[in-house]
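Quick notes on the structure that follows.
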Amino acid sequence: MQRKFYIILVAMMTLSLIGIIGLQGYLIHNAVKKNREYFEFNAKKALYNVSHLLNKREYLHYVHPLKLAMDSLKNKNNYGGSVIDSTFTCTKDYYQTVNSILDRTSKKNYNTVSFHQLNIDYGTDELASTSKHEFWLYESIITEYLQKNPLQKRINHALITHLINQELQHLDILLPYQYAISNQGKVIFTNTDTKKSLPSYDTFHVPVYKDIDNTTTTNLHLHFSKTGRYYFKSLGTVMFLSFVLLFVVIATFLYAILVISRQQKLSQLKNDFINNMTHELRTPIATINLTLDFLKNPKVLEHPNMLNDKLGLISEENNRINAHVENVLRMSQFGNEHITTFKERLELHVIIEDVVKDLKKSTLSTSIMLNTSLKASQNAFLGNLNSIREVLVHLLDNSTKYCKKQPEIKIFTENVKNYIILTVEDKGIGMSKKIRKRIFDHFFRAQTGNIHNVKGCGLGLSYVKKVVEDHQGEIFVKSAKGKGTSFIIKLPLIT
């Protein structure tokens, strides 16, 4: 049930995180989309304004001097009727005179005029008294004249650049741009080095230099680069805070998953420990209880040998219980940073020989093949005698227990640089790769199915690793299932 709850909780947290990320992405996408639409609207507005101002400025460039000259011409000739009539039928001389006026006007290059003087309302005060009919007539004359001139002569690069900059600055579009003028789809002018067509993306166009009937084949194109800067405008702070909060949420989520996973693992370890300790303590307790019941029989006192055997059995089982308790206490001490072990100069070979001698004195030694090869020329290190002895005892005990046939154990040492390498090798049942990864975990025990094959509470190898690390050393394991196991301990030497 706990595992099922854990899976459901992780799934819900994952879905919630995905939902938050999706919602955040959706809101940012919408904000960027609105900024893009607003940018496109302003870019088109700026371009239409430039087109309108170009046409108006071109008209005003001609209409003011044309009106002054034609008014002067009318007064000078003093025709009986108006020379400029509704049908716009002019005599040949008059037509030539008008064209000469327009020619002279077109030769006045207003690129030399300062841009602040290029007021689109230039001349409108003097033209205010002109009738709409006369304005239409002037526009017709000017349009007819301009259509006969090459389009390249009408393009005023300085004025176009000034108007574009003016409109973009007014609409707060401060982006690098390129513009081009095309006629019937062919580029005839561009402010770039090449006359290639501008890219299709982020490019806008409007008609310019319209005819009297408001038609034209000429277009002004405007292309923006680095538009992402404008799309994400005003979103910088929001996006930064969003990513920071998202990072915090993801980090918290991962940490929560890690904590939950650790808690589940600790819960499993606790259950394993309780089961192992219950199994290990129940047997000696049951043995002691049975022995005590047996000793309650008065007839036992009549047999001293039997009494001594039973008392020895009670002592042995009591020592086993004490050993389990000591293992637990030692492991708890290693988790306390304030507890330090006393260390002194030790010789590893002496410790190995003492442990092997004690093992051979025990009743189990008759069935063990134990060989040593202590070839290390230097074996002095800084350590705690009791801890190192217990490490060797644990490793030899494991090599003895996890063996189907007669145990064959080899102990050898060697020097590698400033270290002494201790190897305990056996020909036992070996371990799979999955088991090798967990043998140093607290309370872990290799087992077959749900049945533990050997006695123990799963603290031996975890204790061994803690002791080795406390001595600034390292421990490794090499094993193959059915081929045996080798424990390799690396300790720093001292002079």
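Of interest is the spacing of the C-alpha centroids, which for the range 251-314 and the range 351-425 amounts to 28 Å. Restricted to Cα atoms, the range 145-267 shows a radius of gyration and a Dmax of 26.3, 95 angstrom.
Net charge in the neighbourhood of Tyr419 (other residues with Cβ under 12 Å of its Cβ; Lys, Arg +1, Asp, Glu -1) is 0.
Taking amide H positions as modeled 1.01 Å from N, with prolines and chain starts lacking one, no residue 5 or more places away or on another chain lies under 5 Å from Lys343.
Compared with the alpha-carbon gap, the fully stretched path from Val350 to Lys296 is longer by 14.8 nm at 0.36 nm per residue.
Among Ile288, Ile164, the order by Cβ neighbours within 10 angstrom, fewest to most, reads Ile288, Ile164.
Since every read-out is calculated from the coordinates, none of them should be taken as a lab result. Remember, predicted model here, so these are calculated numbers, not experimental data. Reconstructed Cβ throughout: ideal geometry from the backbone, glycine too, with neighbour counts over all protein chains shown.
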